[in-house]
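Read through the structure below, which is laid out as structure tokens, and then see the notes.
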Amino acid sequence: MKNKIILKAFFLMLLASAFTIQVRSQDLVKFYQGGKAGYKDASGKVIVEPKYDAGSDFYEGMALVIHARKRGFINAKGEVAIPFQYDDASIFKGGLAKVGKDKKYGYINKEGKTVIEFQYDFADDFINGMARVSKGGKYGFIDPTGKPVIELKYDNARNFGEGVAAVKENGKWGFINEKGTFVIPAEYEDAVIFYQNNAVVAKDGKRFYIDHNGKFVKDMPKHDEEEEMHGRKGGDKDKDNR
């Protein structure tokens with residue numbers, strides 16, 4: 001009986017693995033030629049000639065492509081599924097994609113229908129059911145229906161990581177949980193996303209690591225601090241999705 005159970009479990013694992021491989025093999029593979037992006041199938045046959053200015057990999061059966069400075073989406077057959085009409089866009093996550101036009105952002109579904117109206121000055125991808133957005137100079141988080149789950153009241157905000165997000169209020173940074181409650185007081189000059197149980201913060205001109213209790217862990221090494229200041233962690237706040 002025990003051997004039968006083991007064999008059954010093994011068989012189910014093989015089926016799951018085969019299904020995953022099959023699904024992945026159905027996605028077209030991006031390639032570049034002459035500075036243009038195209039797509040091939042798993043056998044190497046060209047399905048979409050290299051004609052796009054840029055293109056993403058496939059996510060949820062759709063790929064983001066750029067043509068004549070406009071963004072659109074193609075499906076797994078290489079067909080244009082959502083026309084090139086957006087000034088900015090990101091890949092699909094959870095059935096929704098962030099798109100921007102006329103300096104406003106909203107969200108569309110895979111049919112290209114607007115699900116959340118173009119009303120935000122800045123918007124980010126959905127992560128664990130929440131997306132960071134900004135309107136009228138204030139940041140907060142919405143759910144996939146567009147309902148604010150954390151009020152748009154912060155001067156700035158980073159994305160959630162390890163259950164908390166850095167937000168700026170009254171000129172100082174602190175950390176809130178997914179209910180919008182401060183779990184680490186707003187007392188820092190800067191703060192970034194938690195990673196491996198630590199987050200980098202700045203106070204009194206110094207940058208250092210804290211834990212989830214807000215306790216000092218260690219100073220930031222000088223070379224890491226330079227990377228923080230000049231690399232991705234020191235980027236424009238509207239591009240900073242940490």
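The values are calculated or read from the model by the stated rules, or taken from the named source; none is laboratory data. Being a predicted model, the structure only gives us computed values, none of them experimental. Cβ coordinates were reconstructed from backbone atoms using ideal geometry, including for glycine residues, and neighbour counts include every protein chain displayed. Accessible surface is based on the protein model in full, side chains and every heavy atom, while ligands, DNA and RNA are left aside. Shrake-Rupley method; radii C 1.70, N 1.55, O 1.52, S 1.80 Å.
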Residues located in the range 29-51, provided they are among the aromatic types (F, W, Y) and open to solvent by 60 Å² or more (accessible area, probe 1.4 Å): Y32
Residue match in the range 51-63 (condition: over 30 Å from K101 (Cα atoms), acidic (D, E) and at pLDDT 95 or above): no
I74 open to solvent by less than 70 Å² (accessible area, probe 1.4 Å), of a type in the set (V, I, T) and under 25 Å from R158 (Cα atoms): no
Per-region count, the range 158-182, residues closer than 13 Å to D211 by Cα and open to solvent by 70 Å² or more (accessible area, probe 1.4 Å): 1
Condition broken by D238, with the remaining ones in (1) touching a strand residue (DSSP E or B) at 6+ places or on another chain (Cβ under 8 Å); (2) at pLDDT 95 or above; (3) at negative phi; (4) open to solvent by 40 Å² or more (accessible area, probe 1.4 Å) satisfied: (2)
Residues that are among the hydrophobic types (A, V, I, L, M, F, W, C), in contact (Cβ under 8 Å) with a residue 24 or more places away in the chain and closer than 15 Å to A123 by Cα, drawn from the range 150-170: I150, A157, F160
From G137, G94, G106, residue being within 22 Å of S56 (Cβ to Cβ) and open to solvent by 30 Å² or more (accessible area, probe 1.4 Å): G94
Strands (runs of 3 or more DSSP E) (entirely within the range 93-137) containing at least 3 residues that are touching a residue at least 40 places away in the same chain (Cβ under 8 Å): 122-127, 130-135
Residue match in the range 8-28 (condition: at pLDDT below 95 and not in a helix (DSSP H, G or I)): yes
